[in-house]
Amino acid sequence: MTESEILSLIKKMSLYEKIGQLVCLGGQFFSSDCDTLTGPINNLGIDPKIIPYAGFASNLPLESYRTIQEEKIKNKKIPIMNVCDVIHGYKTMFPIPLSLASSFNMPLIKKCASLWAKEASLCGVSLSFAPMLDLARDPRWGRVMESFGEDPYLGECYAKAYINGMQGNLKAGTVGACVKHFAGYSLPEGGRDYQMSMITERVFNDYYLPPYISGIKAGALMVMSGFNALDFVPTCANQSLIKEYLIKKVKFDGVIISDYNAIHELVNHRVAENDKEACLIAFKNGITVDLMSDCYSNYLEELIKEGKVSEDELDKNVYKVLSLKNKLGIFDSPYRFSLEDEKDLDTKESIEKSYEAAAESMVLLKNDSILPLKKKNRVLFVGPFVKEKGFYGSWSLYKDKNMSSIEKCLKELNYSSYDVIDTPDIFDRSLYPEELFYIQKTASLFDRVVLLIGERQEESGEASSKGNISISSNIVELVKKVYEVNKNTVSVIFGGRPLVLTDIDKESSALLYAFIPGTMGSRALLDILYGKKNPSARLPMSLPYSVGQIPIYYQALPTGRPGYNKIEENKYYSHYIDQPNEPLYSFGCGLSYSNFVYSDLVLSSDKLSKEKPIKVSVKVKNISKIKGKEIILLYIRDHFGSVTRPDKELKGFAKISLSAGEEKEVSFTIQERDLRFSGIDYKKKSEPGKFSIYIEKLEKTFELI
Ligand code: BGC
């Protein structure tokens, strides 16, 4: 459709048809076989008159989608758009985003996103409520599992790769992307979901905003506003954030959707007296579509009749929605490349990639020379995840049937002699003395013990904040008992967030963070443990030493009294008296079975200017006998500024593969714009002076002139 065709269509639409286009309702409103729910439903109170006109349905299964669309076509109505939370897979589940980010492999992330978009698109989905681009620095918040972690630069690269993969050319096998949750949703006070975020302007501009902006620049078709109040103003009502910044300054002219029921929640936030006022506030703020609240459905008509909202304003929003549908080809092809029958979905390529992604996304944190396991090793696998058949994560709408448990994969792969002890009840009770006795006795007879532990997948995700993120004391007891009788233990950690592992770390000779690895997780895990795959991931989010350190991240500012743990000399330093300042494992930690050495860090010049970027090169050599992949992280320190500058900030990374004995040179370009930050006057600019570049233990300095 051309622009003028859209405009003339709008002229012919009734008021209900127009309001309907600004409403997104859950699949439950249209079909009884849709049971995916991500928020309240009973008290929504949506005017039933509007339901047949709704412009969007969320999370509709293919069959219902086709039936509804058929009716629209038959009755010459505007086709509906099926939107869905395709966060890390549709039918085939991939590792959760926090895990995928730890691969630092952007081409891989792009490919994965394209594959889950393909599955979703073939099943009738046109747009996904993804990626979530909320920077995650508080692991108590359950949704860190959906994030890329704590670093804004990693977030910018991740946003681009994810969106390019998912949207592709917007043709067959792709879905539209929706950047969410704009903005600052991820730092709720106390880590409790939906709570207000207190983020200073500078922190917001320099750390929280860049990933969203990168996503919008990458062409994301939609933005979802957050549930949260940011500095006291809920985002649906936050004019300086949405109307002034996102729409006017960033010039985002696509559809902005509220989060689930968030317009109504303005009443709960007590910035609107009732739903009608909430409707007016959100509408005037530029929220185009109301997701799952009664506000637009029930009150827009009244507000138009009262002259508080003009029909012209309504038409502008309808235009945005119809243009979105048009961009995605829904008018030309209302079933939008979907299959007629889901049985025809071929998941082979997704399964292969999901395996590759899982193997590249598990982080080896510690290895006292006991991994990889060898054929001659007799290995005991113990813990509550031995028979787990659902390493999917909270956004797996359709339970994947392809997942094999670790026990099943052990049998199939036949790597070495082994036995398993399943402890499924350990989350609910401590093990009985006779169970512990049996486990100890058995563990003492094996060469290696692999503990499959962590938190259950339902403990992370939306509305799953935790005040205590330590691994359960029942599990710690199990680990201790095993370690008492066998020092060759490997702890494999499953979970959707950085957990506090301080006790586990002491009692394990190796530590592997498996996160929630998806459909092929069991297989990938065993291939890593037995050395068929070489670990090559690094933490995208620090693992705290204790909850008391939160929020904790590497990019912290220095204090006037840096805490060097010099307590014996003088206690007046920035430190805790009961624990270290450092996290247990910091952002960027991650080992390999190979050994890499870094040398020859060279800068093309020791002066950098706006006109003349510098080239940074470094040599990396694999000095082991094992082929492996290495992630090279480039950090920069700005020595002095008009405001305090962090000790170091990530400004570049690369992932390379090196055969045994092979050496490669890797290069990066550093430009003046990479050195910008919000200065004393809040304007983003660089400040001339001395900078250092760090790659591993190497350092070089340059001057910005
Ligand atoms: C979540 C969003 C999600 C939406 C629709 C909300 O509860 O916060 O991330 O896209 O539900 O399912």
Task: All lysines inside 20 Å of residue 480 as judged from Cα atoms, apart from same-chain residues fewer than 8 positions distant - done: 366, 441, 506
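Given the Cα-Cα distance of residue 201 and residue 375 and 0.36 nm per residue of separation, how much length would full extension add, in nm?
Full extension from residue 201 to residue 375 adds 57.0 nm.
Gain in length, residue 414 to residue 671, computed as 0.36 nm per residue apart minus the alpha-carbon separation, to one decimal in nm?
Length gained between residue 414 and residue 671: 87.4 nm.
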TODO: Might you work out the accessible area of residue 67 for me, using a 1.4 Å probe with all protein chains in place, and round it to the nearest 10 Å²?
DONE: 90 Å²
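Per DSSP H run of at least 4 residues, take -39500 (n - 2.57); add these up for the chain, divide by its residues and hand me the 222 nm value, nearest 500 deg cm²/dmol. Please list the in-between numbers first.
On the way: 17 runs with 178 residues, N = 705.
Using -39500 (n - 2.57) per qualifying helix, the result is -7500 deg cm²/dmol.
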TODO: Provide the net charge surrounding residue 204, with neighbours chosen by a C-beta distance below 13 Å and charges set as Lys +1, Arg +1, Asp -1, Glu -1.
DONE: -1
- [ ] Using label points projected 7 Å from each Cα along Cα→Cβ, tell me how many nm separate residue 67 and residue 189, to one decimal.
- [x] 4.7 nm
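Below 10 angstrom from the Cβ of residue 417, what's the summed charge of the other residues (Lys, Arg +1; Asp, Glu -1)? Present the calculation step by step, with values, prior to reporting the outcome.
On the way: positive: 375, 376, 378; negative: 419, 447.
Neighbourhood net charge equals +1.
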TODO: List the extent of the Cα atoms of the chain along each of their three principal axes, largest first, rounded to whole Å.
DONE: 76, 62, 46
TODO: Pull up the cross-link candidates among the lysines for residue 76, meaning alpha carbon to alpha carbon under 17 Å and not fewer than 8 places away within one chain.
DONE: 11, 12, 18, 325
Open item on the list: Check which residues have an amide H placed less than 5 Å from residue 147's amide H, if you skip close sequence neighbours.
Closed with: 98
TODO: Nearest 5 is fine: what % of DSSP beta bridges in the chain come out antiparallel, could you say?
DONE: 50 percent
TODO: Once you have a ≥ b ≥ c as the square roots of the Cα gyration tensor eigenvalues for the range 349-549, tell me rounded if a/c is under 1.5, and otherwise prolate or oblate according to whether a/b is larger than b/c.
DONE: rounded
Task: Cα gyration tensor shape for the range 480-615, rounded if a/c is under 1.5, else prolate or oblate - done: oblate
Task: Accessible area (Å², 1.4 Å probe, nearest 10) - residue 295 - done: 0 Å²
Open item on the list: Set the bar at 21 Å for Cα to Cα. Now go through 625/664; 118/629; 118/627; 664/700 and name every pair that lies beyond it.
Closed with: 118/629; 118/627
TODO: Take the solvent-accessible surface of the protein heavy atoms, probe 1.4 Å, and return the percent of it on the chain that carbon and sulfur atoms account for.
DONE: 50 percent
- [ ] Just report the Cα centroid separation between the range 406-461 and the range 338-394, whole Å.
- [x] 16 Å
Open item on the list: Need the full-extension length gain, residue 343 to residue 11, defined as separation in residues times 0.36 nm minus the C-alpha distance. One decimal, nm.
Closed with: 115.4 nm
Open item on the list: Leaving out ligands and nucleic acids, and using a 1.4 Å probe, what accessible area per residue does the range 349-549 come to in Å²?
Closed with: 36 Å²
- [ ] Starting from the amide H of residue 386, placed 1.01 Å from N in the peptide plane, find each other amide H under 5 Å away whose residue is 5 or more places distant or on another chain.
- [x] 423
Task: For the range 215-249 versus the range 145-173, the gap between their alpha-carbon centres in whole angstrom - done: 18 Å
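Pairs to check: 612/655; 327/612; 72/249; 251/612; 180/408; 91/651. Give those whose C-alpha atoms are more than 32 Å from each other in this structure.
Numbers: 612/655 26 Å; 327/612 40 Å; 72/249 38 Å; 251/612 30 Å; 180/408 38 Å; 91/651 35 Å.
Cα-Cα > 32 Å for 327/612; 72/249; 180/408; 91/651; rest within.
Sort the following peptides by mean Cβ neighbour count (other Cβ atoms within 10 Å, averaged over residues), highest first: 253-259, 625-631.
On the way: 253-259: 23.7, 625-631: 18.0.
Sorting 253-259, 625-631 by mean packing, highest first, produces 253-259, 625-631.
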- [ ] Please give the FRET efficiency for residue 332 paired with residue 445, using the beta carbon to beta carbon distance and R0 = 51 Å, rounded to the nearest 0.05.
- [x] 0.15
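Less than 14 Å Cβ to Cβ from residue 107, Lys/Arg counted +1 and Asp/Glu -1: what total charge do the surrounding residues give?
Numbers: positive: 110, 111, 160, 353, 629, 655; negative: 356, 360.
My count for the surroundings of residue 107 gives +4.
Rank-order 432-438, 274-280 by packing density, defined as the average count of other C-beta atoms within 10 Å over each peptide's residues, highest first.
Working: 432-438: 12.0, 274-280: 20.6.
Final packing ranking: 274-280, 432-438.
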Open item on the list: At a threshold of 8 angstrom on Cα-Cα distance, excluding pairs fewer than six apart, so keeping six or more, what relative contact order does the chain reach in percent?
Closed with: 13 percent
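From the square roots a ≥ b ≥ c of the eigenvalues of the alpha-carbon gyration tensor of the range 544-653, which class results: rounded (a/c under 1.5), prolate (a/b over b/c), or oblate? Don't skip to the answer; put the middle values down first.
On the way: a/c = 2.52, a/b = 1.31, b/c = 1.92.
In terms of gyration-tensor shape, oblate.
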- [ ] Provide Rg over Rh for the range 382-443; use the alpha carbon set for both Rg and the Kirkwood Rh (inverse mean inverse pair distance).
- [x] 1.05
- [ ] Please find the FRET efficiency linking residue 664 to residue 699, where r is the Cβ-Cβ separation and R0 is fixed at 25 Å, and quote it to the nearest 0.05.
- [x] 0.75
Task: FRET efficiency estimate (nearest 0.05) - Cβ-Cβ, residue 352 to residue 49, R0 45 angstrom - done: 0.40
Open item on the list: Applying a 10 Å radius around every beta-carbon, put 533-539, 554-560 in order of their mean neighbour count, most first.
Closed with: 533-539, 554-560
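The values are calculated or read from the model by the stated rules, or taken from the named source; none is laboratory data. Quick caveat, the model's predicted, so the values are computed rather than measured. Methodologically, a virtual Cβ is constructed for each residue, glycine included, from the backbone with ideal geometry; neighbour enumeration extends over all protein chains shown. Heavy atoms of the whole protein, side chains included, go into the accessibility calculation; ligands, DNA and RNA do not. Shrake-Rupley method; radii C 1.70, N 1.55, O 1.52, S 1.80 Å.
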